[in-house]
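*Asks:* Attaching a single structure in structure tokens format; questions to follow.
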Amino acid sequence: MSTSPYSMCSLQECQERQANKEVSIFECVDPTVPMQKRIIDPALAVQKYRRSAAGTKRAFPIRSLTQLELTVTHLMQLLVDRRSTPNHERQSLLDTANFVEDRLRAVQVDLVVSRTGSKRLQHRMARCQVLILYLMADTLEYQHKYGRDALETALSSYWNSQDDAESTNCMWDDEMLAFSTLVALNGFLQHQQHQPGNFLGDDHPSGLQSIYTIHRKHATLTQHSKYPLFQWALQLTANVHLGHWHAALRQLRQLDSCFGSLARCLMASSLSYMQYMALNVYNVSFAKAEGVSGQDLVRLLQFTRDNKSMDAMNGGSSEALWHDTKCASLAKNDDTESASLAFGVRIGLPLSEDEGSLVFKSAPMSHLPADTLVRNDLFVFGQVSTEKDLNGLIVPSLTHLADILL
């Protein structure tokens with residue numbers, strides 16, 4: 001996506017970065033030349049994030065709100081395509097995410113310095129950050145803390161912004177309240193794996209009190225019925241808090257919309273833990289040595305991963321996910337039933353003699369392995385793409401990404 005020259009990056013910054021040879025592959029005229037010889041394209045250049053030092057004067061002019069909106073649109077298109085123009089080669093998800101995040105931080109700086117609030121921009125940047133965090137969830141080279149901080153910034157800055165039509169704002173308010181609730185819920189589940197606590201209390205690091213404060217401040221009683229996504233997120237929170245794991249998994253699984261995909265992105269790092277806790281409940285409820293088939297486990301755990309999706313996310317090897325021969329042999333059966341059985345075997349539940357079911361109340365369950373993968377595109381998007389980036393990482397279909405961001 002090309003824009004007017006210097007609309008996303010000032011002439012002064014372009015000149016300085018050209019002189020210092022700070023030209024990204026996403027911003028150059030010819031991406032095939034070495035980095036030291038790249039020529040910056042003023043129509044593709046995007047202002048970099050620069051940490052401001054106390055007492056120093058800003059070196060470059062602040063972009064207008066129109067320019068910032070154009071910049072965010074360009075960056076979202078870039079995240080979808082992983083290239084600036086059709087003449088450029090698609091880059092890795094990691095390099096694209098790092099570039100987009102850096103430039104979005106610069107957008108946040110301009111909004112703060114200019115004292116300009118834009119709910120539209122904060123909402124779009126929050127969506128973008130949710131997607132990046134999910135896509136990079138299993139990538140060790142990615143700076144996860146910066147990504148989480150960027151999402152928190154967008155969510156908190158949103159409420160300090162006032163622009164756009166009231167009816168549209170209400171829809172955005174609903175989604176942003178739901179996002180904040182899911183961030184808190186996911187944080188609680190991550191914390192719960194190591195130190196059980198009270199989710200709803202003020203003293204809990206992932207408590208909901210701050211969410212309720214935002215809701216009371218920005219929503220009137222007459223607007224209460226206009227927040228279906230927020231009510232959905234609160235219902236999911238209640239199911240988790242009450243230990244209704246099957247209901248929570250089903251609720252996540254059945255929401256079919258762009259918001260549903262983003263909600264599953266936010267909760268993906270807790271999905272395996274929720275399935276693990278559901279198995280704990282079943283292990284108590286079922287009779288001693290009762291066998292539960294793989295078909296029933298798929299339904300009980302809302303388990304939608306199959307061997308093809310797992311192979312794709314692990315470079316073509318199921319053993320990379322299951323970590324032992326028994327589990328790997330199960331995954332090779334190429335269906336979701338075998339995958340659900342392998343999940344149970346990995347946390348200590350034995351198989352029946354015919355290997356067609358898990359046997360409950362016959363062995364103690366072990367803890368969920370710490371190296372369990374987060375990305376589960378089949379659960380999040382409903383399908384797994386066969387496309388891989390330069391680093392071998394699975395890339396969701398452009399249609400899914402475009403539907404969410406564009």
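*Asks:* Please give me the summed charge of the neighbours of LEU93: other residues whose Cβ is under 13 Å from its Cβ, Lys and Arg +1, Asp and Glu -1.
*Replies:* Details: positive: ARG82, ARG83, ARG90, ARG375, LYS388; negative: ASP81, ASP95, GLU101, ASP138, GLU141, ASP377, GLU387, ASP389.
With Lys, Arg at +1 and Asp, Glu at -1, the net is -3.
*Asks:* Excluding LEU393 itself, calculate the net charge of residues whose Cβ lies under 13 Å from the Cβ of LEU393, where each Lys or Arg counts +1 and each Asp or Glu counts -1. Before the final figure, lay out the partial values.
*Replies:* Details: positive: ARG82, ARG90, ARG375, LYS388; negative: ASP95, ASP138, GLU141, ASP377, GLU387, ASP389.
Every neighbour counted, the sum reads -2.
*Asks:* Keeping every protein chain in place, order VAL72, VAL112 by accessible area at 1.4 Å, biggest value first, i.e. largest first. All intermediate terms of the calculation are to be shown ahead of the outcome.
*Replies:* Values: VAL72 0, VAL112 105 Å².
Sorted by accessible area, descending: VAL112, VAL72.
*Asks:* Quick one: net charge around GLN302, please, counting Lys, Arg +1 and Asp, Glu -1 for every other residue with C-beta under 10 Å from its C-beta. Show your work: numbers first, answer last.
*Replies:* Values: positive: ARG250, ARG253, ARG299; negative: none.
Taking every other residue near GLN302 into account, the sum is +3.
*Asks:* Something else about it: Could you please put TYR146, TYR282 in sequence from largest to smallest accessible area, using a 1.4 Å probe?
*Replies:* Numbers: TYR146 120, TYR282 30 Å².
Highest to lowest solvent-accessible surface, that is TYR146, TYR282.
*Asks:* Between Rg and the Kirkwood Rh of region 1-114, both from Cα atoms, what is the Rg to Rh ratio? Don't skip to the end; give the middle numbers.
*Replies:* Working: Rg = 13.5 Å, Rh = 14.3 Å.
So for region 1-114, dividing Rg by the Kirkwood Rh gives 0.95.
*Asks:* Would you mind getting me the FRET efficiency between GLN235 and SER257? Use the beta-carbon distance for r and R0 = 25 Å, nearest 0.05.
*Replies:* Once the sixth-power term is evaluated, E becomes 0.95.
*Asks:* When Rg is the radius of gyration of the Cα atoms in region 66-108 and Rh is its Kirkwood radius, what does Rg/Rh come to? Please list the in-between numbers first.
*Replies:* Details: Rg = 10.3 Å, Rh = 10.5 Å.
Across region 66-108, the Cα-based Rg/Rh ratio is 0.97.
The values are calculated or read from the model by the stated rules, or taken from the named source; none is laboratory data. Small disclaimer: the values here were computed from a predicted structure and weren't measured. Neighbour counts are summed over all protein chains in view; Cβ atoms, including those assigned to glycine, are modelled from backbone coordinates with ideal geometry. Keep in mind that these areas ignore ligands, DNA and RNA; they rest on the heavy atoms of the full protein, side chains included. Shrake-Rupley method; radii C 1.70, N 1.55, O 1.52, S 1.80 Å.
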